[in-house]
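The values are calculated or read from the model by the stated rules, or taken from the named source; none is laboratory data. Quick caveat, the model's predicted, so the values are computed rather than measured. Using ideal geometry, Cβ is built from the backbone for each residue, glycine included, and neighbour counts are taken over all protein chains shown. Please note that ligands, DNA and RNA were not included when accessible areas were found on the heavy atoms of the full protein model with its side chains. Shrake-Rupley method; radii C 1.70, N 1.55, O 1.52, S 1.80 Å.
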Amino acid sequence: MTVLKHLHSRRLDTDLHRVWSDENERSATFPIWNLSGQLVGYQKYRPDASKEKNNDPREGRYFTRVKEGRVGVWGLESWNLSDTLFVTEGIFDACRLTYFGYSAICVFGNDVQPSTARWLWGIRKSRPVVSICDGDSAGRRLRRLGNSFVTVEGYNDLGDASDEYVLKLIEKYAF
């Protein structure tokens, strides 16, 4: 399966989201933008690589690089898809939501920068913000970012959930 077909199987909408795929390297690169729309970094994804941490993080499944002192998110291009903004830990979690037509951003983990948290708290005044948390202790730290939150149950994360599960979640939390 090509990298692009793999990304489509993970529900990435390549008409909405920018991604660069490299079939020779078997990787995809996602741009990371700051809240003003400036490119500040990237995440490289290798679908065939191990998730295990090793001595060279550039060889793992995910490698994220953001300019020092900068804050970045992924998914801002979905901003106007819906009134509700979903906040997720990972790109493929956000992909599942945008695939069904909802605004979703990825904050790349659970240790969110204070400036991103302040921005999201400000957004909560004008639109619903729902944090989608993985079921682990790290995922629970995302709870504070939204007006409400949901913990993914029965799956490792939203990116692995069934379409039926994602649609039920959307029905319950989207406005």
Exercise for the section: For segment 45-100, state which trypsin sites (Lys or Arg not before Pro) are in a DSSP loop and have at most 12 other beta carbons lying within 10 Å of their beta carbon. Expected result: LYS51, LYS53
Exercise for the section: Compute the relative contact order of the chain as a whole-number percentage, counting only Cα pairs closer than 8 Å that sit 6 or more residues apart in sequence. Expected result: 16
Fill in the blank from the handout: Quick calc, the chain, dipole around Cα centre from Cβ unit charges on Lys, Arg (+) and Asp, Glu (-), nearest 20 debye, gives 620
Handout entry: Only Lys, Arg (+1) and Asp, Glu (-1) charged, at Cβ; segment 112-154 dipole about Cα centre in debye
Key = 340
Handout entry: Extreme residue, positive dipole direction of segment 120-172, given options PRO128, TYR155, TYR165 (C-beta unit charges)
Key = PRO128
Completion exercise
Expressed as a percent, the accessible surface of segment 1-128 that is carbon or sulfur, using a 1.4 Å probe and the full set of protein chains, is 45
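With runs of 4+ DSSP H residues as the only contributors, calculate the mean residue ellipticity of the chain at 222 nm using -39,500 (n - 2.57) per run, divided by the residue total and rounded to the nearest 500. Kindly include the intermediate steps, with their values, before the conclusion.
Details: 5 runs with 41 residues, N = 175.
Helices in the chain give a 222 nm mean residue ellipticity of -6500 deg cm²/dmol.
Considering only Cα-Cα distances, which of the following residue pairs are longer than 31 Å: LYS44/LYS125; LYS5/LYS51; LYS5/LYS125?
Details: LYS44/LYS125 33 Å; LYS5/LYS51 20 Å; LYS5/LYS125 39 Å.
From LYS44/LYS125; LYS5/LYS51; LYS5/LYS125, over 31 Å: LYS44/LYS125; LYS5/LYS125.
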Fill in the blank from the handout: For segment 1-132, the per residue accessible area (1.4 Å probe, Å²) is 52
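Restricting things to Cα coordinates, could you compute the convex hull volume per residue of the chain in Å³?
Numbers: hull volume 21.0 nm³, N = 175.
Hull volume normalised by residue count: 120 Å³.
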Problem - Dipole of segment 20-120, positive direction: furthest Cα of THR84, PHE108, SER21, with charges on the beta-carbon - result: PHE108
Problem - DSSP-assigned coil residues among chymotrypsin sites (Phe, Trp or Tyr not before Pro) in segment 37-83, each with at most 14 further Cβ atoms within 10 Å - result: TRP79
Handout entry: Nearest-10 value in Å² for the accessible area of GLU89, using the 1.4 Å probe
Key = 30
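Quick one: dipole size for segment 1-87, taken about the Cα centre, charges +1 on Lys/Arg Cβ and -1 on Asp/Glu Cβ, in debye to the nearest 20. Show your work: numbers first, answer last.
On the way: 14 positive and 12 negative charges, 46 e Å.
Magnitude of the dipole: close to 220 debye.
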